1. What percent of all Cα-Cα pairs in the range 177-290 falls into each 10 Å bin, going from 0 up to the bin containing the maximum distance?
2. What nm value, rounded to one decimal, do you get for the distance between Ile74 and Ser164 when each label is placed 7 Å out toward the C-beta?
3. So if each residue of separation counts as 0.36 nm, and I subtract the Cα-Cα distance between Gln277 and Thr246, what length gain in nm does that give?
4. For the chain, what is the calculated [θ] at 222 nm in deg cm²/dmol (nearest 500), taking -39500 (n - 2.57) for each run of four or more DSSP H residues and dividing by its residue count?
5. Which residue fluctuates most in the GNM of the chain (Cα springs below 10 Å): Ile65, Ile227, Ile74?
6. How many percent of the accessible area of the chain is carbon or sulfur, using a 1.4 Å probe?
7. Just the accessible area per residue of the range 10-104, please: how many Å² with a 1.4 Å probe?
8. In what sequence, largest accessible area first, do Val143, Val71, Val205 appear using a 1.4 Å probe?
Amino acid sequence: MGGPPKLSEQVRAAALVKASQSRKRRAEIKAAIKAGELSIDGVLEIAAQEDAVAKMRVRQLLEAIAGLGKVRAIALMERLKISPTRRIAGLGRHQVKALREEFMKSSHAITPGKLIVLSGPGGVGKSTVAARLRESGDFWVSVSATTRSPRPNEIDGIDYFFMSEEEFSQKVHADEFLEWAQFAGNRYGTPSGAVADALRAGHNVLLEIEIDGARQVKSHLPQAILIFLEPPTWEELVARLQARGTDTPDRRSQRLQLAQDELAAASFFDLVIVNDQVERVVEQLIGLTS
Ligand code: 5GP
């Protein structure tokens, strides 16, 4: 029997160098978090590849977040039931999701960016408003994932991240969505990593999603402002959907039914805006950011 095996001088020297490199790497990571250059997703991505980062304690990670600090970091870990000595590599996926949301909340506290969720019936003009807001430079607009097939004018990575049911399920399982919902036979989801990054970078963030997703966002992030975009008249909405012409008659009536349900749910939102003029809606939404 005897104590631990004796290390040769050479092995010991190599271990010391490695330990010092690991410490240096962790210090770099902490500095990047502090500066708002790295999100929790970024850290997790690096941790999946680098042992030194995987071994970092969650407490160190949290303490590095600007505006959180030691005491709140410990309280937060208690609340999220993460043991004080837990390392990044040992986090469960629910804990990862909870941490991601905390990052978003704290980023909101330290940056001026607002999180605005734009919902409303299909065909009401949400995507036109979203496109204008993106062009205005006042908003970072989230690109959703969907299992729906692309329409002829749509581009993967710009309009949506188009993916198979399997890919979407994998992302749901890995808790990569801030929210997701089924709509007219397809699934749609907001990638949480990109939203967290944008908020941390201080952008105003716009999500253009249906109402079930909007409700989920509000429950995770109460600071989100929920906007319901209403058509000036019901007849006009029907006309717009018919003019779109990309749906089959069956699909169109399914969409109209959903649209009616969505109108009925408008009371749940923070603000209802009538889309009588796109410019006016855009101005109103930009006004909410100041
Ligand atoms: P479309 O198929 O017409 O592009 O979109 C159908 C509906 O899905 C629209 O109401 C749109 O706002 C909504 N949607 C788009 N992306 C998302 C998302 O990431 N999450 C949720 N919940 N709804 C989305």
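The values are calculated or read from the model by the stated rules, or taken from the named source; none is laboratory data. The shown structure was predicted, so the numbers you read here are calculated from the model rather than taken from an experiment. Here the Cβ positions follow ideal geometry from the backbone for every residue, glycine too, while neighbour counts run over all protein chains shown. In case anyone asks, the SASA skips ligands and DNA or RNA and just uses the protein heavy atoms, side chains included. Shrake-Rupley method; radii C 1.70, N 1.55, O 1.52, S 1.80 Å.
1. 12, 38, 37, 12, 0
2. Here the answer is 5.0 nm between the modelled labels.
3. Contour length minus Cα-Cα distance gives 8.8 nm.
4. Values: 13 runs with 151 residues, N = 290.
Calculated at 222 nm, the ellipticity per residue is -16000 deg cm²/dmol.
5. Ile74
6. It is 53 percent, rounded to a whole number.
7. Spelled out: the 1.4 Å probe surface of the range 10-104, per residue, equals 57 Å².
8. From most exposed to least exposed: Val71, Val143, Val205.
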